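Read the structure below first, then the notes.
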Amino acid sequence: MLIFLIGFMGSGKTTLGRPLAQRLGYGFLDLDKVIEEGEGATVGEIFSGRGEAYFRTLERKYLQNIILHGGDRVVSTGGGTPCFNANMELMNANGVTVYLKLSPGMLADRLMAARVCRPLLADKSPEELLQYIVDTLALREEHYERANVVVANPSRDITKLVSILEPYLSRS
């Protein structure tokens, strides 16, 4: 079974995805890392060199490849993955989607601490960052909310996440 973790950057997709995969005995994939390895360039380099449309086409290709190979895996997607090229429909048709939902304020707090690692956010003040999150979430929320499972304010308690996913896991 494929479990796709979706949500805004900083929502915990990778942080929760690795231990969730380990607990379930699944493999773990970070879609952005898969793209970077396959293309020999960072996501930032792809965006700046070829543009967002090109990146979104690559993202769809690599997502389809992950689905084609199947298996039991937890996949951490990029924050925009569900919002382009009917990816949300593709993921819902081929696995379980889990939206890790946090408030804009919580996301801003997490991202402020990690903004050195996020070039897109590095030059934003706390107020600009919060506004960016609010504006971007307004565009993405309709896609995120189509997930099979919505987990509000996810904790690092993997046992709780596994229990939320149990109805889906028992079907596989």
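When both residues are 6+ apart or on different chains and their Cβ atoms are under 6 Å apart, which pairs have a first residue that lies in the stretch 9-37 and is under 10 Å from Val75 (Cβ atoms), and a second that is in a helix (DSSP H, G or I) and modelled with pLDDT of 95 or more?
Pairs found: Phe28/Gly17; Phe28/Arg18; Phe28/Ala21; Val34/Tyr62.
Among the residues that make up the stretch 86-94, is at least one of them over 27 Å from Arg171 (Cα atoms), open to solvent by 20 Å² or more (accessible area, probe 1.4 Å) and either in contact (Cβ under 8 Å) with a residue 24 or more places away in the chain or in a helix (DSSP H, G or I) (or both)? So that I can check it myself, show each step before the final result.
Narrowing the stretch 86-94 to residues over 27 Å from Arg171 (Cα atoms): none.
No, the stretch 86-94 contains no residue that is over 27 Å from Arg171 (Cα atoms), open to solvent by 20 Å² or more (accessible area, probe 1.4 Å) and either in contact (Cβ under 8 Å) with a residue 24 or more places away in the chain or in a helix (DSSP H, G or I) (or both).
Residue-by-condition table, conditions (1) in contact with a Phe, Trp or Tyr (Cβ under 8 Å, 6 or more places away or on another chain); (2) on the phi > 0 side of the Ramachandran plot; (3) not hydrophobic (A, V, I, L, M, F, W, C):
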| site | (1), (2), (3) |
| --- | --- |
| Lys13 | no, no, yes |
| Pro19 | no, no, yes |
| Tyr26 | no, no, yes |
| Ile35 | yes, no, no |
| Gly44 | no, no, yes |
| Arg50 | no, no, yes |
| Arg60 | yes, no, yes |
| Asn87 | no, no, yes |
| Met91 | yes, no, no |
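Being among the aliphatic types (A, V, I, L, M) and in a helix (DSSP H, G or I) is the filter here, so list the residues in the stretch 1-21 that pass it. Lay out the reasoning, then the answer.
Going residue by residue through the stretch 1-21, those that are among the aliphatic types (A, V, I, L, M) are 1-3, 5-6, 9, 16, 20-21.
Correct list: Leu16, Leu20, Ala21.
So that you can scan it fast, the table gives a plain yes or no per residue for (1) in a helix (DSSP H, G or I); (2) at pLDDT 95 or above; (3) open to solvent by 20 Å² or more (accessible area, probe 1.4 Å):
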| residue | (1), (2), (3) |
| --- | --- |
| Arg23 | yes, yes, yes |
| Phe28 | no, yes, yes |
| Ile46 | yes, no, no |
| Gly49 | yes, no, yes |
| Tyr54 | yes, yes, yes |
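Let's see how each residue does on (1) over 9 Å from the mean Cα position of the chain (by Cα); (2) of a type outside the set (Val, Ile, Thr):
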{"site": "Met1", "(1), (2)": "yes, yes"}
{"site": "Phe8", "(1), (2)": "no, yes"}
{"site": "Ser11", "(1), (2)": "no, yes"}
{"site": "Thr14", "(1), (2)": "no, no"}
{"site": "Ile35", "(1), (2)": "yes, no"}
{"site": "Glu39", "(1), (2)": "yes, yes"}
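The values are calculated or read from the model by the stated rules, or taken from the named source; none is laboratory data. Note that this is a predicted model, so its numbers are computed, not measured. Because the Cβ atoms are built from the backbone with ideal geometry, glycine has one as well, and the counts that use them run over all protein chains shown. All accessible areas refer to the heavy atoms of the entire protein, side chains included, with ligands and DNA or RNA removed. Shrake-Rupley method; radii C 1.70, N 1.55, O 1.52, S 1.80 Å.
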